[in-house]
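Okay, structure first, notes after.
The values are calculated or read from the model by the stated rules, or taken from the named source; none is laboratory data. In this text, all values refer to a predicted model and were calculated from it rather than measured experimentally. Reconstructed Cβ throughout: ideal geometry from the backbone, glycine too, with neighbour counts over all protein chains shown. Ligands, DNA and RNA are stripped out before the accessible areas are found, and what is left, the full protein with its side chains, is counted by its heavy atoms. Shrake-Rupley method; radii C 1.70, N 1.55, O 1.52, S 1.80 Å.
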Amino acid sequence: MLKPCEKPMKMLKLEALSRRLSANHPKQERIKNDFRKIRSGFNGERSIGKELKNLPKEYRVFHDLRLDHDGSRYFQMDFLIITRNYCIIIEVKNFAGTLYFDRTYPQ
């Protein structure tokens, strides 16, 4: 069963901070920009999560997985899908606009 996609703590904190500051506070614009970026990522993960729920039962899907690397460092995966034959890591990005790929410098 896929863990529900919940609002990230940073998103909740930015919502609360924005409500508590006056509308004309100098930090409001930065707070709103940060919030939009986090919300975009959250919406992207949520939409992918909805699609992954339709996978066959033999697929094991883990969401928002945080793993220990060496006892002091951690890494996070948006989704990890495990089957009998392979594993797939999905890192979700939710960008708007046009993406350009540089063939000279593989970026």
Can you give me the % of accessible surface on the chain that is carbon or sulfur? Probe 1.4 Å, all protein chains present, nothing else counted. 53 percent
Sites residue 96 and residue 58, calculated FRET efficiency, Cβ-Cβ separation with R0 22 Å, nearest 0.05: 0.05
Loop-located trypsin sites (Lys or Arg not before Pro) in the stretch 1-53, at most 12 other Cβ atoms within 10 Å (DSSP): 27, 53
Restraint check, 13/57; 37/57; 27/50; 32/57; 32/93; 10/57, Cα-Cα greater than 31 Å: 13/57; 37/57; 27/50; 32/57; 10/57
Here the Kirkwood hydrodynamic radius of the stretch 35-107, Cα-based and in Å, equals 14.6 Å
To the nearest 0.05, what FRET efficiency results for residue 31 and residue 83 with a Förster distance of 41 Å applied to their C-beta separation? 0.50
Only Cα pairs under 8 Å and at least 6 apart count here; give the relative contact order of the chain as a rounded whole percent. 23 percent
Residue-normalised accessible area of the chain, expressed per residue, 1.4 Å probe, Å²: 85 Å²
Under a 10 Å cutoff between Cα atoms, tell me which one of 70, 34, 78 has the largest fluctuation in the Gaussian network model of the chain. 70
Under 10 Å, Cα contacts only: if you run a Gaussian network model on the chain, which one of 40, 22, 72 comes out with the highest mean-square fluctuation? 72
On a 0 to 90° scale, report how tilted helix 28-52 is relative to the longest principal axis of the chain, with both axes built from alpha carbons and the result rounded to the nearest 10. 20 degrees
In nm, to one decimal, how far is the residue 47 label point from the residue 15 one, both placed 7 Å along Cα→Cβ? 2.0 nm
